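Heads up, the thing below is written out as structure tokens.
The values are calculated or read from the model by the stated rules, or taken from the named source; none is laboratory data. Model, not experiment: these values are computed from the prediction. Note that each Cβ is placed from the backbone with ideal geometry, even for glycine, and that neighbours are counted across all protein chains shown.
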Amino acid sequence: MSQHSAACCSIPPVIVEGYEPKGQYITIDGMKTYVTGPADAKKAILVIFDIFGFYPQTLQGADILANSDKDAKYKVFVPDWFEGKPADISWYPPDTKEKGEKLGNFFSTTGAPPKTIQRVPKVVEELKSQNSGVDSWGLLGFCWGGKVTTLSSTSGSVFKAAAIAHPAMVDPNDAPNVAIPFAFLASKDEDPQAVAQFKENLKVKNYVETFPDQIHGWMAARSNLKDPKVKAEYERGYKTVLTFFHDNL
């Protein structure tokens with residue numbers, strides 16, 4: 001099955017360097033929030049970014065999601081879940097004791113997933129009150145945001161479909177609780193056994209694919225778009241996610 005071959009979506013040329021976001025910033029639940037996409041969109045996607053916050057590659061991805069499906073337009077919202085205090089990208093990979101300690105401290109404080117998971121429904125509630133024309137909501141999470149997304153896709157979820165890319169903290173035990181259509185794009189850096197077991201444990205309509213030559217982070221902040229292969233797989237990743245949302249939102 002080739003998820004990205006559907007004719008729904010045409011990705012605009014990806015800007016390798018110096019990307020200028022097309023959206024604007026608003027405040028939602030007290031958080032600075034990037035919003036992009038047509039005002040009359042009937043569908044919306046909430047993005048849970050990685051621990052590095054508002055990176056050009058992540059914002060360019062949001063703009064791609066908002067404007068590339070020729071049949072459906074999306075409003076895309078990217079809240080600053082860390083309220084101006086993201087992790088520093090130089091801490092990753094945590095190949096020194098100091099980097100490991102800094103990342104560990106971040107995950108136990110600012111980046112503790114339960115803190116964000118509790119906030120997601122409040123954010124959607126506020127967004128719904130301001131966007132009454134939107135009748136279908138999707139959720140997309142990168143790295144750390146993949147864990148938050150998975151745990152926000154259970155029974156009673158406000159979302160109709162969800163997708164994760166190169167998620168952190170992959171736990172096959174989370175999969176049986178997922179209650180909405182679910183896409184999982186893995187990199188070479190996630191444990192292949194955990195990814196396979198996660199897919200096996202999913203009880204809902206799903207799409208799972210590993211991008212075997214891409215690193216953890218290739219669709220978000222750690223994407224080196226100067227590398228032609230990374231750029232091509234970045235495009236293919238977004239096309240895959242768009243096709244999934246096209247079919248399930």
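List of remarks:
- Answer residue from segment 31-58, given it is crowded, with 23+ Cβ neighbours inside 10 Å and aliphatic (A, V, I, L, M) and is nearest to VAL134 (Cα to Cα) among those: ALA44
- VAL16 surrounded by fewer than 22 Cβ atoms within 10 Å (Cβ to Cβ), closer than 27 Å to LYS70 by Cβ, in contact with a helix residue (DSSP H, G or I) (Cβ under 8 Å, 6 or more places away or on another chain) and of a type in the set (A, V, I, L, M, F, W, C): yes
- Test: residue in segment 115-132 that is crowded, with 24+ Cβ neighbours inside 10 Å and within 25 Å of GLN24 (Cβ to Cβ): no
- With respect to the conditions (1) aromatic (Phe, Trp, Tyr); (2) in contact with a helix residue (DSSP H, G or I) (Cβ under 6 Å, 6 or more places away or on another chain); (3) under 19 Å from TYR234 (Cβ atoms), TRP81 lacks only one, and its number is (3).
- Of the residues screened, ALA221 is not one that is modelled with pLDDT of 95 or more and out of contact with any Phe, Trp or Tyr (no Cβ under 7 Å at 6 or more places or on another chain).
- Enumeration of residues in segment 105-118 that are part of a loop (DSSP other than H, G, I, E, B) and over 19 Å from the mean Cα position of the chain (by Cα): THR109
- Answer from VAL148, VAL204, VAL241 - the residue that is in contact with a Pro (Cβ under 7 Å, 6 or more places away or on another chain), in contact (Cβ under 8 Å) with a residue 40 or more places away in the chain and β-branched (Val, Ile, Thr): VAL148
- Sub-7 Å Cβ pairs linking a first residue in segment 66-90 that is on the phi > 0 side of the Ramachandran plot to a second residue that is modelled with pLDDT under 95 and aliphatic (A, V, I, L, M), at least 6 apart or interchain, number zero.
- Residue check for LYS188: closer than 27 Å to PRO93 by Cα, touching a residue at least 24 places away in the same chain (Cβ under 8 Å) and not hydroxyl-bearing (Ser, Thr, Tyr): yes
- Options PRO94, PRO86; residue that is under 20 Å from the mean Cα position of the chain (by Cα) and either crowded, with 16+ Cβ neighbours inside 10 Å or farther than 23 Å from VAL204 by Cα (or both): PRO86
- Test: residue in segment 195-214 that is small (Gly, Ala, Ser), at pLDDT 95 or above and under 13 Å from HIS166 (Cβ atoms): no
- Extreme residue, farthest from PHE54 (Cα to Cα), among residues of segment 210-249 that are small (Gly, Ala, Ser) and buried (at least 20 other Cβ atoms within 10 Å of the Cβ): GLY237
- Out of THR116, THR150, THR96, THR110, sole residue that is more than 19 Å from PHE244 (Cα to Cα), in contact with a Gly (Cβ under 9 Å, 6 or more places away or on another chain) and polar (S, T, N, Q): THR116
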